[in-house]
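Worksheet: the structure to be examined is printed underneath.
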Amino acid sequence: MILNDLRIFSQNVRKNNLFIKTILEVNNNFDIIFIQEPSWTTIRSISSSADSEGVLLVGIVNHSNWLTFAREPDMTKECPRVTIFINVRLALFHFSFCKDIIDHRDILLAFFFINSKLFWIMNVYSDSSHSAIKYFKDTEVNIHNLSVMTRDFNIHDSL
């Protein structure tokens, strides 16, 4: 596969699980799907030796045709607002989530290899206070081969 042939879909789903399920089901012809504002829901309670009531397992929608990349939610803080779905037919490119370069709940950076060459993709959601954009402004990050960066920047400006 040539990088120019990648088919990418990006959508803000506004915390609607049905919308995510539909996107994953009907867009199998895409290679990568970037989702902003996914819904994090309780999947089930898991037994715990530390808590007699168990620990809640929280997650997002999954689909057998897609590899899911998302930060683990910290239930003491707000949940991440970006996720990336990679079509399973691209698994041979060894996609990986990278949190040590950019560590922000609204920015998801992943990388993959094609013919031993490293490429980066990034999904960004910026809330009404533009926290992700401010993070970029205040953080010096130098990423070579950033192939795709999609976003929902929430910038309402006539210019």
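Taken together, the values in this text are just the output of simple stated rules run on the coordinates, not laboratory data. Not measured: the values here are computed from a predicted model. Please note: Cβ atoms are built from the backbone with ideal geometry, for glycine as well, and neighbour counts cover all protein chains shown.
A dipole drawn for the chain from +1 and -1 charges on Cβ atoms has a positive end, and of Ser116, Ser129, Asn145 the residue lying farthest that way is Ser116. Counting beta carbons within 10 Å around each of His63, His94 and listing the fewest first gives the order His94, His63. Does the stretch 23-72 classify as rounded, prolate or oblate by the C-alpha gyration tensor (a ≥ b ≥ c root eigenvalues; a/c under 1.5 gives rounded; else a/b over b/c gives prolate, otherwise oblate)? Because a/c hits 1.5 or more and a/b exceeds b/c, the stretch 23-72 counts as prolate.
Computed from label points 7 Å out along Cα-Cβ, the spacing between Ile46 and Arg89 is 3.3 nm. Close Lys pairs in the chain, defined as Cα atoms under 26 Å apart and 8 or more places apart or on different chains, number 11. With distances taken between every two different alpha-carbon atoms, the stretch 1-158 has a Kirkwood hydrodynamic radius of 16.8 Å.
Scalar couplings 3J(HN,Hα) for the stretch 42-47, obtained by applying the Karplus form with A = 6.51, B = -1.76, C = 1.60 to θ = phi - 60°, are 6, 8, 5, 9, 10, 4 Hz; x denotes Gly and Pro.
Taking springs between alpha-carbon atoms closer than 10 angstrom, which of Asn142, Asn17, Asn87 fluctuates most in the Gaussian network model of the chain? Of Asn142, Asn17, Asn87, the most mobile in the Gaussian network model is Asn142. At an R0 of 41 angstrom, the distance between the Cβ atoms of Glu25 and Asp103 translates into a FRET efficiency of 0.80.
Net charge of the neighbourhood of Arg7, taken over other residues with C-beta under 13 Å away and scored Lys/Arg +1, Asp/Glu -1, is -1. The protection proxy used here, the mean number of other Cβ atoms lying within 10 Å of each residue, ranks peptides 47-60, 21-34 as follows, highest first: 21-34, 47-60.
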